[in-house]
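Undergrad: What follows is a structure written as structure tokens; I'll ask about it next.
The values are calculated or read from the model by the stated rules, or taken from the named source; none is laboratory data. These numbers come from a predicted model, not from an experiment. Positions of Cβ are backbone-derived with ideal geometry, glycine not excepted, and every protein chain shown enters the neighbour counts. Just so you know, the surface numbers come from the protein's heavy atoms only, side chains and all, with ligands and any DNA or RNA stripped out. Shrake-Rupley method; radii C 1.70, N 1.55, O 1.52, S 1.80 Å.
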Amino acid sequence: MELLPEGQTNKTEVSWEDQQRINEFSKLINRKDQFEVELAELSHEKDYLDDLSLEIELLDDDEKVNYKLGDTFVLLRHSSVVTRLENDNLVLANKMTALENSIEVTQERMNELKNQLYAKFGQSINLDR
Amino acid sequence: MDRLKTEQSNPRGIPQAKFIDRVESLLNPSTCTNEDVDQLLKECQTRLQQYKFMEENKRLALNGNKSKIPNITKTLEMVQYLKERKEEDDDEPLQTNYELNETLYSKAEIDVQNLDNVYLWLGADVMMEYPLDEAIELLTTRLAVAKEAVTVAEEDLEFLREQITTMEVNTARVYNWDITRRKGLAPK
């Protein structure tokens, strides 16, 4: 939100309802940024997991795998590592879907608010980056 | 004196910013001087600074709480695995490569079948012995508390964001109102 440029006047009165819409919008835009950061982190993690799932196939079935649990590497059987990876992948995929949905819902509400605010204030308000 | 005060606050007692409905309710256009307007703008600025200061503090608190979560999660995962492994009918000891010191790993075997207790670091130089189930319970509770604190801090930050926006719009409107007023005063 910025002050109006010098010399430009704003004839439209801001009502409490408008203010609440502006506030909600500024809240949502921050929330969406946050979601996107989280999503980027998760998709990074997903890349790692995908790579790992491929690599693990190449390992000998009888060999034990150093699997990091907490701060320690635990020697696990190949099969249980595969199960764990599948599980991790599932949890991650669910988290990502949930985040994507949240982003979509937030964006929809933002568009709604944008339409209402632009309809009232036109050039006097700027809601885009 | 404090005409920007409201009675409302959020559940954590952060005051709600006053929305200036009509600038005329605070300043009388026919009698107010430039100093009066400056005074009001200054008060708006002070409020805005206070909110921004609170926002900064909240953000620090939020990051502090957020950083606790991975640690608790890691420990919880490990204890859960130990329990899982104990319940399996597997006589083989659990082999690990553990961090003996930074960048230095060493091998250790854990006799999981006869492992009943783990030691949790409680902070303040205290470590306590807990049966596996109790350790899981304690860590789960701690995780929930940390997550709750994060949710609350995020809520507060969003609330502060809204109050900051209100004050920014207030400031802009008083400023614009003043420009119009000064134009009206200028000799025709």
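Undergrad: What's the buried accessible area, both sides, between A and B using a 1.4 Å probe, rounded to 100 Å²?
TA: 2900 Å²
Undergrad: Can you tell which of B:Asp178, B:Asp116, B:Asp125 shows the greatest fluctuation in a Gaussian network model of chain B with Cα springs below 10 Å?
TA: Among B:Asp178, B:Asp116, B:Asp125, the largest GNM mean-square fluctuation belongs to B:Asp125.
Undergrad: For chain A, take the longest principal axis of its alpha carbons; what is the angle in degrees between that and the long axis of helix A:78-121, to the nearest 10 within 0 to 90?
TA: So the inclination is approximately 10 degrees.
Undergrad: Hey, any idea what % of region B:55-188's accessible area is carbon plus sulfur with a 1.4 Å probe?
TA: The computed percentage sits at 53.
Undergrad: Keeping to pairs on different chains or 8 or more places apart, tell me how many lysine pairs in chain B have Cα atoms under 14 Å apart.
TA: Eligible lysine pairs with Cα atoms under 14 Å apart amount to 5.
Undergrad: Across the residues of A:64-75, average count of Cβ atoms on other protein chains within 10 Å?
TA: Mean shielding by partner chains, rounded to a whole number: 6.
Undergrad: If you take the beta carbon distance between A:Glu63 and A:Thr83 as r and set R0 to 25 Å, what does 1/(1 + (r/R0)^6) give as a FRET efficiency, to the nearest 0.05?
TA: 0.95
Undergrad: What is region A:16-119's relative contact order, in percent, from Cα pairs under 8 angstrom and six or more apart in sequence?
TA: Reported relative contact order: 40 percent.
Undergrad: Additional query: Quote the FRET efficiency, to the nearest 0.05, computed for B:Thr6 versus B:Lys52 with a Förster distance R0 of 22 Å and r equal to the Cβ-Cβ distance.
TA: Efficiency, rounded to the nearest 0.05: 0.75.
Undergrad: Now for a different question. Could you state the angle between the C-alpha long axis of helix B:34-87 and the longest principal axis of the C-alpha atoms of chain B, as a value from 0 to 90 degrees rounded to the nearest 10?
TA: The angle comes out near 10 degrees.
Undergrad: In Å², what does the accessible area per residue of region A:11-107 work out to with a 1.4 Å probe?
TA: 61 Å²
Undergrad: Could you let me know the centre-to-centre spacing of region A:60-101 and region B:48-122, using Cα atoms, in angstrom?
TA: Each part reduced to its Cα centre gives a spacing of 16 Å.
Undergrad: For chain B, what does -39500 (n - 2.57) per DSSP helix run (n ≥ 4), summed and divided by total residues, give at 222 nm, in deg cm²/dmol to the nearest 500?
TA: Calculated from helices alone, the mean residue ellipticity at 222 nm is -21500 deg cm²/dmol.
Undergrad: Here's another thing I want to ask about it. Between the DSSP loop rule and a limit of at most 13 other Cβ atoms within 10 Å, which GluC sites (Glu not before Pro) in region B:44-152 are left?
TA: Listed in order of number, the matching sites are B:Glu88, B:Glu102.
Undergrad: Mean residue ellipticity at 222 nm from the helices of chain A, using -39,500 (n - 2.57) per DSSP H segment of n ≥ 4 over the full residue count, to the nearest 500 deg cm²/dmol?
TA: Calculated at 222 nm, the ellipticity per residue is -25000 deg cm²/dmol.
Undergrad: Pick out, in residue order, every one of the chymotrypsin sites (Phe, Trp or Tyr not before Pro) in region B:85-127 that is DSSP loop and has at most 11 other C-beta atoms within 10 Å; say none if there are none.
TA: In loop regions of region B:85-127 (DSSP not H, G, I, E or B), there are no sparsely surrounded chymotrypsin sites (Phe, Trp or Tyr not before Pro).
Undergrad: Could you work out what % of the accessible surface of region A:16-119 is carbon and sulfur, using a 1.4 angstrom probe and leaving DNA, RNA and ligands out of the count?
TA: 50 percent
Undergrad: Gaussian network model of chain B, Cα springs within a sub-10 Å range: biggest mean-square fluctuation belongs to which of B:Leu76, B:Leu115, B:Leu62?
TA: B:Leu115
Undergrad: Springs between alpha-carbon atoms under 10 Å, Gaussian network over chain B: tell me which of B:Gln39, B:Gln95, B:Gln50 tops the mean-square fluctuations.
TA: B:Gln95
Undergrad: For chain A, which span is the longest to avoid every loop-located (per DSSP) member of GluC sites (Glu not before Pro) having at most 15 other Cβ atoms inside 10 Å?
TA: Here the longest run is A:64-129.
Undergrad: Kindly identify region A:16-119 as rounded, prolate or oblate by the Cα gyration tensor criterion: order the square roots of the eigenvalues as a ≥ b ≥ c, call it rounded if a/c is under 1.5, otherwise compare a/b with b/c, prolate if a/b is larger, else oblate.
TA: Prolate, because a/c is 1.5 or more and a/b exceeds b/c.
Undergrad: Turning to a different aspect of this structure: So for region A:16-119, if I pair up every lysine 8 or more residues apart or on another chain, how many of those pairs have alpha-carbons under 22 Å apart?
TA: Total qualifying Lys-Lys pairs in region A:16-119 comes to 7.
Undergrad: Let me ask something additional. Among B:Tyr105, B:Asn34, B:Tyr119, which residue has its Cα positioned farthest towards the positive end of the charge dipole of chain B, with +1 placed on the Cβ of Lys and Arg, -1 on the Cβ of Asp and Glu, and the dipole taken about the Cα centre?
TA: Toward the positive end, the furthest listed residue is B:Asn34.
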